[in-house]
Amino acid sequence: MRMHTKNTARRDMALIIVLAAAAAFVCVKFDVSEALLGWTRQHERLQVDELPGILLVVAISLIWFSTRRYLEARRQLDLRRATEARLAEAHTENQRLAQQYLDMQEYERKALARDLHDELGQYLNVIKLDAVAIRDANHAAADVPALPTAPATSRAIAGAMIESIDRVYAVVAGLIRQLRPVGFDDLGVAAALEHCVGEWRQRLGGATIDLSIECDLAALDEVRGLALFRLVQEAMTNIARHAQATRIEIRIVGKRGGESQESIELKISDNGRGADLNAPRGGLGLVGMRERAAAFGGSLALASEPGAGFTVTASLPVAAGKFSTT
């Protein structure tokens, strides 16, 4: 930028020198000053001979005015550059804070899922074992005539306890899956995505869901792996709520953007009822997806028309060499 400015200034200076030299040559060659002096003497009554002085004052005033405007424009430009630098710094800081927030959120989810599994799940298992023991003891007493039989109500209560515990355990298991992807810590993000898509196939029985992973995600760091999983999870939730689609395609590919950076591109498309992207939206699903991608310096693009399906394309930058395309 500075080199371009210097080159422009040099060209302007060279042009001024050329014009000044051409003017000097014309004035010397044709005696312009003498000709002007002779012409102005013929119109002495009109004071035309004072015109050069007036023009000189006008020229000096214009130079002064243009200099002031130049200095003011330069000051405004410097102020704008400083403002843009502060905005860029604030944007970087916001991205860093957003990343820290996501890291903290995932850490809390992981800890909560672990506590639910280790503490609450353990006690539920103990209660269920006690209820099963009560039920089996009642059955055994009923089968042996010599033993006193327990009331039928106790067997019914034990059975009801077992059913309630099974429901609570199912709810806890669902919460654990929402808080921490199944298989993510042990098998990696690819296995977690396969499991997630498998669950959605069961929920959306009338829809065909195709998952295509065309890059190696094994070396992807935990934070970006979780972000990728959450993007797929949120997109599938939006499709289930709004799309009424019968076919869903999920494609994950690796993109090479240069020697120092690569990116993962996630594309999710469906053949549902689509949406008008210019219409106001009240939900926060797409906003959260966009913020999640932006936290890594990525982007989120939407493509849709009413009745023509919906396509979400997310890009997550990663360091070069982190993964390889397949």
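The values are calculated or read from the model by the stated rules, or taken from the named source; none is laboratory data. Predicted, not measured: the structure shown is a model, and the values here were computed from it. Every residue, glycine among them, receives a Cβ derived from its backbone with ideal geometry; neighbour counts consider all protein chains shown. Just so you know, the surface numbers come from the protein's heavy atoms only, side chains and all, with ligands and any DNA or RNA stripped out. Shrake-Rupley method; radii C 1.70, N 1.55, O 1.52, S 1.80 Å.
Whether any residue in the stretch 240-257 is modelled with pLDDT under 90, farther than 22 Å from residue 190 by Cα and under 21 Å from the mean Cα position of the chain (by Cα) is what I want to check. For the stretch 240-257, residues modelled with pLDDT under 90, farther than 22 Å from residue 190 by Cα and under 21 Å from the mean Cα position of the chain (by Cα): present. As a summary of the residue check, residue 212 satisfies the conditions (1) modelled with pLDDT under 90; (2) farther than 19 Å from residue 285 by Cα except for the one numbered (1). Among the residues of the stretch 166-178, is there at least one that is open to solvent by 20 Å² or more (accessible area, probe 1.4 Å), under 18 Å from residue 313 (Cβ atoms) and part of a helix (DSSP H, G or I)? No, because not a single residue in the stretch 166-178 is open to solvent by 20 Å² or more (accessible area, probe 1.4 Å), under 18 Å from residue 313 (Cβ atoms) and part of a helix (DSSP H, G or I). The residues of the stretch 112-129 that are closer than 13 Å to residue 175 by Cβ and either among the polar types (S, T, N, Q) or modelled with pLDDT of 70 or more (or both), listed by number, are 112, 113, 114, 124.
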